Amino acid sequence: MTIGVNCGHTLHGAGSGAEGLFREAEHTRLVGQALVDLLKEAGIYVADCTIDKADTCQEYLAKVVSFANREDLDWFISIHFNASASHKGKGVEIYTYKGKQYPQAKAICEEMAKLGFENRGVKEGSGLYVIRKTRAKAMLVEVCFCDNQQDVDTYYKIGAARAVSQIIFNSICGQCRQGENEKSPGRVQEKSKEQTTFMEFVGAIARKDWKERRIMLPSVVTAQAIKESAWGTSELACKANALFGIKENGWKGRIYIKEAIEQKPDGSYYKVDDTRWRAYDNWEQSILDHNNYIATRSTDGGRSLRYGAVIGCCDPELVCWYLQRCGYATSITYAESLMKDYVVKYDLTVYDKP
């Protein structure tokens, strides 16, 4: 499955969206990026259809559609927040081509209604450029009214972007992972054949390198590879053989250029265009270079190692925490996600055993 995600509107200027009790453009990105994370964790390829800057609204819309139509998408999902002149409008609604009542779109509205939002239903959206012009099945989700105090209070009360993204994910993918995890938080997740093959490939190389060089615990290396490459399906994994998304940082080998999505301490996201990433001849090279990077990375001219606490540590939870503390990733939930969503869920400590 391939899904295109558009975090609605530009960040500033033309096409920047509604200004209510919060800025629409900021929260479309919070919801959209959380949705992207869920999709990638499920092994689904995601096409980024978000445009941060354009000179005109028409240019913005044309770019979104161009990004969507260059991929063979199963779904195009555009995230928005509503607003009304009276500030009295409230509720969730979804626009589709000719108002088609897709079960997935209806499910989103119904699940949002269960959490306290008014269900305004699935509506005729053929007049909307991104709905009319995209080739794939498309829906434009108006999460709630960002200028209505009741809606905004409900949005924050239910868990804001994370809760909304989970509802969209569950409705699109036809599964309720959140409910399953709550019922059995410690169970080992079942894996597809492709996921098992990928996990065993990375785990075997990581275990061999751990035995030989004792740099980084195999369970965490494998967890990082799964998380950062979406089980080997990410753009970097497919086009640059890069499973870990390590930036250039003194690398003398091949380079792959694409944008980076970073997270600020306040939880908001921003995009860095034309980021230079390390590229490899194969995945094994990527895994070994990742460990070399951990073993040698210094930001003070070699006087100390940035990831010194990680090297040789035999406790996966500590390794995850050290990685975040030492600044390996900008995500504020990186350590927690590595441990809970990967090491524990997929029983990756099996690769740490002699």
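The table for this structure:
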| read-out | value |
| --- | --- |
| Selection count where residues are in a helix (DSSP H, G or I) and buried (at least 20 other Cβ atoms within 10 Å of the Cβ), scope the stretch 204-227 | 15 |
| Every residue from the stretch 18-55 that is β-branched (Val, Ile, Thr) and under 22 Å from residue 90 (Cβ atoms) | 28, 31 |
| Looking only at the stretch 279-312, and only at residues there that are of a type in the set (D, E, K, R) and closer than 20 Å to residue 331 by Cα, the one that is surrounded by the fewest Cβ atoms within 10 Å (Cβ to Cβ) | 306 |
| Of all residues making up the stretch 17-64, the number that are part of a loop (DSSP other than H, G, I, E, B) and either surrounded by 20 or more Cβ atoms within 10 Å (Cβ to Cβ) or of a type outside the set (Ser, Thr, Tyr) (or both) | 15 |
| From the options 31, 36, 5, residue that is over 23 Å from residue 145 (Cβ atoms), modelled with pLDDT of 90 or more and out of contact with any Lys or Arg (no Cβ under 6 Å at 6 or more places or on another chain) | 36 |
| Any hit, the stretch 301-313, residues being among the charged types (D, E, K, R) and assigned to a loop (DSSP other than H, G, I, E, B) | yes |
| Some residue of the stretch 337-350 being more than 19 Å from residue 43 (Cα to Cα), under 20 Å from the mean Cα position of the chain (by Cα) and crowded, with 16+ Cβ neighbours inside 10 Å | no |
| Among residues of the stretch 107-132, those that are under 24 Å from residue 153 (Cβ atoms), in contact with a Cys (Cβ under 9 Å, 6 or more places away or on another chain) and not in a loop (DSSP other than H, G, I, E, B), counted | 4 |
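The values are calculated or read from the model by the stated rules, or taken from the named source; none is laboratory data. What you are looking at is a predicted structure, and each value in this text was computed from that prediction instead of being measured. Every residue, glycine as well, gets a Cβ built from its backbone with ideal geometry; the counts of neighbours run over all protein chains shown.
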